[in-house]
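All remarks here apply to the structure that follows.
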Amino acid sequence: MTSHPDTKIDCSKVYVKKSTFSNEETGDFDGAFAAVAFKEGELVEKGLMRRLPEGFDGNTCPYIFTWSEKRPCTTWGMGSGCAPFYNTCKEGTANTRMVRHFDEDTFEIYAARDIEKDEELLHTYISLKWRKCFSDLNEIVHSDEITEEKKA
């Protein structure tokens, strides 16, 4: 089925299942996957962001999005579609990139490189290095850098 041309949300080319990063140590969690192959630069998904009430502390909740360029961040959002299930990776290694339109409360996710059908979709969380709720995840993602720092 093709999406309606006027839709504000389209995640028809993405599906969610158990992440390939799930294991005994991390436990089970979900990830977003490509339902079709994508060429670099192709739109993977688009959607809406709903701002959370003022005073909400996103530093404690990993399931919401940083929705501002201002630091410290005080604006948080809840994303539509499959976007909340994209897992993160080290900067420069993601197979997708998210374009955020803060003023319109919309986003688009594009293929950062060619992506194979059924490949897990990853993007680098813009708040990975500073949000309290991501501190353990940040250590895992950047473990090679931490090991190098300890050697120096």
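The values are calculated or read from the model by the stated rules, or taken from the named source; none is laboratory data. Keep in mind that what you see is a predicted model, and the values were worked out from it rather than measured. Reconstructed Cβ throughout: ideal geometry from the backbone, glycine too, with neighbour counts over all protein chains shown. Remember, those area values only see protein heavy atoms, side chains included, never the ligands or the DNA or RNA. Shrake-Rupley method; radii C 1.70, N 1.55, O 1.52, S 1.80 Å.
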Test result for Glu45, out of contact with any Cys (no Cβ under 6 Å at 6 or more places or on another chain), part of a strand (DSSP E or B) and modelled with pLDDT of 90 or more: no
Number of the condition not met by Val44 [criteria: (1) among the hydrophobic types (A, V, I, L, M, F, W, C); (2) more than 20 Å from Leu137 (Cβ to Cβ); (3) more than 13 Å from the chain's Cα centre (by Cα)]: (3)
Enumeration of residues in region 1-20 that are in contact with a strand residue (DSSP E or B) (Cβ under 8 Å, 6 or more places away or on another chain), open to solvent by less than 100 Å² (accessible area, probe 1.4 Å) and closer than 29 Å to Leu137 by Cβ: Ile9, Asp10, Cys11, Lys13, Val14, Tyr15, Val16, Lys17, Ser19, Thr20
Evaluation of Val36 against (1) modelled with pLDDT under 95; (2) assigned to a loop (DSSP other than H, G, I, E, B); (3) open to solvent by 20 Å² or more (accessible area, probe 1.4 Å) (one fails), failing number: (1)
Residue within region 108-121 that is without any contact (Cβ under 8 Å) to a residue 24 or more places away in the chain and within 29 Å of Pro53 (Cβ to Cβ) present: no
Condition check for Lys70: open to solvent by 70 Å² or more (accessible area, probe 1.4 Å), more than 14 Å from the chain's Cα centre (by Cα) and modelled with pLDDT of 90 or more: no
Scope region 104-129; condition of a type in the set (Asp, Glu) and either touching a Phe, Trp or Tyr at 6+ places or on another chain (Cβ under 9 Å) or under 17 Å from Cys89 (Cα atoms) (or both); matching residues: Asp105, Asp114, Glu116, Asp118, Glu119, Glu120
Count of residues meeting criterion [over 18 Å from Gly79 (Cβ atoms) and open to solvent by 50 Å² or more (accessible area, probe 1.4 Å)] in region 103-121: 5
